[in-house]
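Note sheet for the following structure.
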Amino acid sequence: MSLNWEEEIAKCSMCGKCHSVCPVYLETGEESMVTRGRISLAIALRDHQITMTEALKDSVFSCKKCLRCCKICPSDVNFEIIIQHLLYSVAEEMGIPLLPKLVFRWVLPRRWLFNLMLKCAGIGQKIMPAKERGLMRHLPMMFLGDRWIPTLSKDSALKQFGGVHKVANPKMRVAFFTGCLINYVYTDIAEAVIDVLNRLDIEVVVPKKQLCCSIPALSLGDRKAATTIMFKNQDAMKEEKVDAVVAACGTCTKALKHDYLHVLEDSWQEMSDKVYDISEFIEKFTEYKTEPSEEKLTYHDPCHLFWALDIHDQPRDQLKRSGNYVELEGASNCCGGGGVFTLLHYDLTVKIMNKKIDDIEKSGADIVTSNCPGCVMQISDGIAGRDLNVKAMHTIQVLRKSLIDGSKRQLKEEVEVAS
Ligand code: SF4
Ligand code: SF4
C-alpha cells in the first residue's frame, strides 16, 4: 500500500485538466493553488531549485484535499500522496506551530484531556460575548478567526451513548466511529445513527476508547501524532470484535478506509475492508420500510464520499424513500468546508460556500442533507447568513423520521386488521 510520491509526480503530463475542477483554483485563478502548479513546486523543491518559503507553505495549505483532481486526471496521478508529502515537508522544514503540536501530541491521544479542553471551550462559548445567527455563533477565539461555529454539546456523544446498544436478535454487530464533530457538537446525529441501526436489528457498539480520526494532525503534516492516534483507534476498534465499522462523517470514513492504510499498512487491511459510510452500510446489509413525508429534500455530496469513495447513490435512495426528493444542481461541488482549510482560508471558504447556498436556494428544498457533519456545519453557516428557511441535517436524521413514521403506519394497519 505504500505509494511513492515521486512516481506519482512522474505520471503528470502537465495537461492542466485539473484546473477545470479544483474549487480553490476556480476561485483564485492562481497556478500555485492547483494540482499542476503544486506538482511543479514539488519538483522544483525536490531538485533544490527553490527552498521552502511562506508562499510555498501557503500554496500547500490552500489545498482542500478534496480529491476532485484525482478523479478526473487522465494520467491517473494520485495527488493525495503528493500533497501529503508536501505537508510532511512543510512540517519538517518549517516546524508545526506549538499550540496545534501540543494539541495533536498531548491532547488528542488522551480522551480525558480532549474532553476537558472542549469543556473549557463550551464554558467560554457561554460567557464570551458572541454574535449569533440562527444556531451559529461567531467567536473571536484563537484558531477560529472569522469562523461561525455551532454550540458545543453539554455532554459528548461518547458520554451519552458510549457502550453497547443491544437488540433482541441481532443480524450483525457494528462499531460506530463518531468522529469529533458528532462527538462534541452534533450528538443528535449519533443518537440517530444508533437508533436507526437498532431499528434495523443491528447491535451497535460505541467504543469508549476511540479518539479523533487523526486527519487534523495529518493535515498539518504531523505524522508522528497521527500515527499514535491511529494505533490507539486500531486497538479500540479491534478489541470490540465487530462485523463492520460505520461512520457518519465523510472525512472519518475516508480516513478509516484509506488513510490508515498509508500509515498502518497491512495491519489495518482487515479493518479497512469492514469500514462503511452509514448510508452505504444500511443499503448493503438491511431492508426497511419508510413513510415518505411531503417535505422537499435534497442532498449535497461530501467531497470525501463522492470523489474518494464513490458513494453517492445510497444517501439519495434513502431520501427518495423519505420524502419529495429533488436533485441539487452542482450537488458534488465543494461546499467550502474542510477542517484546517476553513480556519486558514475562511475568505475562500465563504466564496466557495456562497455558490452552494445559491444552488440550495434555487432547489426550493425544505431540507438539505449531507452525510458529513462538516458539510452540515458549513451549509448551516451559509443558510444562517442569508436567513433562509431551509434546514441542514444529516441524511440519517431524515431516514430515522421516515422509519419511525413507517413503523407507526404499520402498527395502525395491524390494529385496523385486528379489529
Ligand atoms: S490533470 Fe493530471 S496529468 Fe493533467 S496537469 Fe493535472 S495532475 Fe497533471
Ligand atoms: S485536492 Fe482539491 S483543492 Fe487540492 S488541488 Fe485537488 S482539486 Fe484542488
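The values are calculated or read from the model by the stated rules, or taken from the named source; none is laboratory data. In this text the structure is predicted, and so the values were computed from the model without any measurement. Here the Cβ positions follow ideal geometry from the backbone for every residue, glycine too, while neighbour counts run over all protein chains shown. Accessible surface areas use protein heavy atoms only, side chains included; no ligands, DNA or RNA. Shrake-Rupley method; radii C 1.70, N 1.55, O 1.52, S 1.80 Å.
Table for the structure above
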| quantity | calculated |
| --- | --- |
| Share of alpha-carbon pairs per 5 Å distance bin for the stretch 5-94, given as whole % | 2, 15, 29, 28, 17, 7, 1 |
| For the stretch 213-225, Karplus couplings with θ = phi - 60° (6.51, -1.76, 1.60), whole Hz, Gly/Pro x | 5, 5, 4, x, 5, 4, 5, 9, x, 8, 5, 4, 5 |
| Volume in Å³ per residue [convex hull over Cα atoms, computed for the stretch 157-285] | 93 Å³ |
| Solvent-accessible surface (1.4 angstrom probe) belonging to LYS57, in square angstrom, nearest 10 | 50 Å² |
| VAL245 long-range amide H proximity, modeled H, under 5 Å | ALA175, VAL275, TYR276 |
| Packing rank of 287-297, 81-91, 373-383, 16-26, where each peptide gets the mean count of other beta carbons within 10 Å, highest leading | 373-383, 81-91, 16-26, 287-297 |
| q = 0.11, 0.16, 0.21 Å⁻¹, the stretch 244-385: log10 I(q)/I(0) [Debye, one scatterer per Cα] | -0.44, -0.87, -1.27 |
| On Cα atoms only, tilt of 395-418 relative to the major axis of the chain in degrees | 10 degrees |
| Expected 222 nm ellipticity per residue - DSSP helices of 4 or more, -39500 (n - 2.57), all of the chain, to 500 | -15000 deg cm²/dmol |
| 5 Å-binned pair-distance histogram of the stretch 224-298 (Cα, whole percent) | 3, 14, 22, 21, 15, 8, 6, 6, 4, 1, 0 |
| Cα Rg over Rh - the chain, Kirkwood | 0.97 |
| Highest-first arrangement of 359-369, 103-113, where packing means the average Cβ count within 10 Å | 359-369, 103-113 |
| Residue-by-residue Karplus 3J(HN,Hα) for the stretch 165-178, coefficients 6.51, -1.76, 1.60, Hz, glycine and proline x | 10, 7, 10, 4, 10, x, 7, 8, 10, 10, 9, 9, 8, 7 |
| Nearest-ten-degree value, helix 187-199 long axis tilted from longest Cα axis of the chain | 50 degrees |
| Heavy-atom accessible surface of the chain: percent carbon and sulfur, 1.4 Å | 54 percent |
| Dipole magnitude of the stretch 157-285 about its Cα centre (Cβ charges: Lys, Arg +1; Asp, Glu -1), debye to nearest 20 | 300 debye |
